[in-house]
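*Asks:* Have a look at the structure that comes next, please.
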Amino acid sequence: MRKTFNITTFGCQMNEHDSEIMAGMLIEEGYEQVDNRKDADIAIINTCSIRDNADKRFFGTLGQLKRRKKENPEFTVCVCGCMMQQQHVIDTIKAKYPWVDVIFGTHNIHKLPELLADVIARKGKQIDVWPEGGEIVEGLPCERLYKSKALVNIMFGCNNFCTYCIVPYTRGRERSRRPEEIVAEVKNLVADGVREIMLLGQNVNSYKGEKKDSDEICDFAELIYMLNEIEGLERIRFMTSHPKDLSDRLIQAFVDCDKLCKNIHLPVQAGSSRILKAMNRHYDREKYLKLVERLKAAVPGITMSTDIIVGFPGETEEDFEETLDLIRQVEYDSAFTFLYSIRKGTPAEKMENQIPEEVKHQRFDRLVELVNSISAKKNAAYVGRIEKVLVEGASKTNSRTYTGRTDGFKLVNFKGTPDMVGKIVDVKITEGKTFSLEGEVL
């Protein structure tokens, strides 16, 4: 019988895509993927280290597997991802979770089949964490979550060193793929039925791919123009985009490239210039707002989302009010909101004036209330409009309800049929809710 595996993924789209690649590699090796961890011979947990809550969820999940391992010593437990790039996490697993079989990091996921084979051959526990990434490994198989959509890594790592962020330490320094490799991958995806791609990188705006057989460098905007020429591809998205590196040429790409979706995720993190400086974000409030103005002027109707951290060390009530004011000015369509949590090894860990938890939570509630009220208002304005929606699939709770995304990344629910999946359909919006739209297919 073929061994079965299940992957639990915490974190961002980069982690999701890593899990898709791991699944692709294992399926190619003859393993079978199952939806439920309790049915798996091999449990893989792909971790995230961005927030303290992700850490807690990981250790909680890991703890649940102890009894299963005790009952069946052949049950294999693998842990990987960003948390494994931190030595103190590995030390904790060794000390408190000694029954974990495989530990590896973000730079060598291509070695998973080899590490698993060694464990199954009873060669003992496998710990293989690379401190830095080597050459980018191309051509790895991938088991996509959606037939019509695909995640595409264009670069790895980050050079920004925001004072609150652990990513440069867990994902390493920036490394960009060659543009020819990316174009070839996207063409293959389109041939396999993909209509929409999401380009991934910790900061896609700083992409600098070396062209093959040339000393020339391809920047992110040029890559967009190249991908826009691929026949059969209908939508291009990207994340995440750092404000300090968003160029005029990229803004022009929104105008020139018909396949580039009129939507951008532009993390602001805080509305106070003083806090932004402490965060090492390399822009201030005024520069960010001017950038938003330029985007909205060039691309009328562009939808915008953002990331916001509440309670960064030293944040005063005045600083927080500046964040609320910036949100009112920009009017984001949605926002990912976070309570600041200390990340071991970052500069902010040792900053004075850490904000009390009760103050963080009180501010967080006010922030979420404002963000949600703006989202609801903006979504209500869609009623009566006809939107082109790429159908993703049936709802998990109602087989007759289907979901999809507009060009502006709005989630739309509507009555549909299985033959619609993967197609772009016209949907008339009948109701705007806080987090989604309701509609009917024309």
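*Asks:* Collect the residues in the stretch 325-341 that are open to solvent by 50 Å² or more (accessible area, probe 1.4 Å) and of a type in the set (Phe, Trp, Tyr), keeping them in residue-number order.
*Replies:* Answer for the stretch 325-341, where residues must be open to solvent by 50 Å² or more (accessible area, probe 1.4 Å) and of a type in the set (Phe, Trp, Tyr): 336, 338.
*Asks:* Next question, about the same structure. Just to check your reading of the model, which residue among 289, 276 is on the phi < 0 side of the Ramachandran plot, open to solvent by 20 Å² or more (accessible area, probe 1.4 Å) and of a type outside the set (Val, Ile, Thr)?
*Replies:* 289
*Asks:* Then there is this: From the set of residues in the stretch 128-163 that are hydroxyl-bearing (Ser, Thr, Tyr) and at pLDDT 95 or above, which is farthest from the chain's Cα centre (by Cα)?
*Replies:* Among residues in the stretch 128-163 that are hydroxyl-bearing (Ser, Thr, Tyr) and at pLDDT 95 or above, the one farthest from the chain's Cα centre (by Cα) is 163.
*Asks:* Test residue 87 against the stated conditions and say whether it is in contact with a strand residue (DSSP E or B) (Cβ under 8 Å, 6 or more places away or on another chain), among the polar types (S, T, N, Q) and farther than 22 Å from residue 185 by Cβ.
*Replies:* Here the answer is no, as residue 87 does not meet what is asked.
*Asks:* Are there any pairs with C-beta distances below 7 angstrom linking a residue in the stretch 107-125 that is on the phi < 0 side of the Ramachandran plot to a residue that is outside any loop (DSSP other than H, G, I, E, B) and acidic (Asp, Glu), with the two at least 6 apart or on different chains, and if so which?
*Replies:* Once the first residue is on the phi < 0 side of the Ramachandran plot and sits in the stretch 107-125, its partners that are outside any loop (DSSP other than H, G, I, E, B) and acidic (Asp, Glu) give 108/128; 109/18; 111/128; 115/128.
*Asks:* Here's another thing I want to ask about it. Against the condition under 30 Å from residue 33 (Cα atoms) and in a loop (DSSP other than H, G, I, E, B), how does residue 164 come out, does it pass?
*Replies:* no
*Asks:* A follow-up question, please. Within the set of pairs 6 or more residues apart or between chains, which connect a residue that is part of a loop (DSSP other than H, G, I, E, B) inside the stretch 313-340 to a residue that is basic (Lys, Arg) and open to solvent by 30 Å² or more (accessible area, probe 1.4 Å) with Cβ atoms less than 7 Å apart?
*Replies:* Filtered contacts from the stretch 313-340: 331/378; 333/378.
*Asks:* Check the stretch 54-75 and report whether any residue there is in contact with a Ser or Thr (Cβ under 6 Å, 6 or more places away or on another chain) and of a type in the set (Phe, Trp, Tyr).
*Replies:* yes
*Asks:* Go through the stretch 240-268 and give me each residue that's among the polar types (S, T, N, Q), out of contact with any Ser or Thr (no Cβ under 6 Å at 6 or more places or on another chain) and open to solvent by 10 Å² or more (accessible area, probe 1.4 Å).
*Replies:* Once the filter is applied, which keeps residues that are among the polar types (S, T, N, Q), out of contact with any Ser or Thr (no Cβ under 6 Å at 6 or more places or on another chain) and open to solvent by 10 Å² or more (accessible area, probe 1.4 Å), the stretch 240-268 yields 240, 247, 252.
*Asks:* Another question, if that's okay. Give 439, 404, 393 a once-over and let me know the one that is under 22 Å from residue 265 (Cα atoms) and either buried (at least 17 other Cβ atoms within 10 Å of the Cβ) or not hydrophobic (A, V, I, L, M, F, W, C) (or both).
*Replies:* 404
*Asks:* Could you pull out the residue among 93, 127 that is β-branched (Val, Ile, Thr), over 30 Å from residue 185 (Cβ atoms) and assigned to a strand (DSSP E or B)?
*Replies:* Within the list 93, 127, the selection yields 127.
*Asks:* Checking the condition part of a loop (DSSP other than H, G, I, E, B) and farther than 29 Å from residue 55 by Cβ, which residue from 301, 271 passes?
*Replies:* 301
*Asks:* Right, another one. Among what's in the stretch 342-361 and is over 27 Å from the mean Cα position of the chain (by Cα) and part of a helix (DSSP H, G or I), pick the residue that is surrounded by the fewest Cβ atoms within 10 Å (Cβ to Cβ).
*Replies:* That would be 358.
*Asks:* In addition: For residue 75, which of the numbered conditions (1) in contact with an Asp or Glu (Cβ under 7 Å, 6 or more places away or on another chain); (2) surrounded by 20 or more Cβ atoms within 10 Å (Cβ to Cβ) fails to hold?
*Replies:* Here residue 75 clears every test but (2).
*Asks:* Taking residue 81 as the residue in question, decide whether it is out of contact with any strand residue (DSSP E or B) (no Cβ under 8 Å at 6 or more places or on another chain), open to solvent by less than 40 Å² (accessible area, probe 1.4 Å) and either under 23 Å from residue 33 (Cα atoms) or at pLDDT below 90 (or both).
*Replies:* When the stated conditions are applied, residue 81 does not pass them.
*Asks:* Are there strands (runs of 3 or more DSSP E) fully within the stretch 190-239 with at least 2 residues that are open to solvent by 20 Å² or more (accessible area, probe 1.4 Å)? List them.
*Replies:* 208-210, 217-219
*Asks:* If you don't mind, another one. Among the residues of the stretch 22-53, which ones are open to solvent by less than 20 Å² (accessible area, probe 1.4 Å) and in a helix (DSSP H, G or I)?
*Replies:* Across the stretch 22-53, the qualifying residues are 22, 23, 24, 25, 26.
*Asks:* Under 7 Å by Cβ, and 6 or more places apart or on different chains, what pairs join a residue from the stretch 51-65 that is under 26 Å from residue 307 (Cα atoms) with one that is open to solvent by 40 Å² or more (accessible area, probe 1.4 Å) and of a type outside the set (A, V, I, L, M, F, W, C)?
*Replies:* Here the result reads 54/11, each pair linking the stretch 51-65 to a residue that is open to solvent by 40 Å² or more (accessible area, probe 1.4 Å) and of a type outside the set (A, V, I, L, M, F, W, C).
*Asks:* Going through 70, 56 one at a time, which residue ends up being under 19 Å from residue 12 (Cα atoms) and either part of a helix (DSSP H, G or I) or of a type in the set (A, V, I, L, M) (or both)?
*Replies:* After ruling out the rest, the residue left standing is 56.
*Asks:* Do we have residue 181 as out of contact with any helix residue (DSSP H, G or I) (no Cβ under 9 Å at 6 or more places or on another chain), buried (at least 20 other Cβ atoms within 10 Å of the Cβ), at pLDDT 95 or above and acidic (Asp, Glu) here?
*Replies:* No; evaluated as a whole, the condition is false for this residue.
The values are calculated or read from the model by the stated rules, or taken from the named source; none is laboratory data. From a predicted model like this one, the values you see are computed outputs, not experimental measurements. No Cβ is skipped: glycine too gets one built from the backbone with ideal geometry, and neighbour counts run over all protein chains shown. Areas reflect the complete protein model, heavy atoms only, side chains present, ligands, DNA and RNA absent. Shrake-Rupley method; radii C 1.70, N 1.55, O 1.52, S 1.80 Å.
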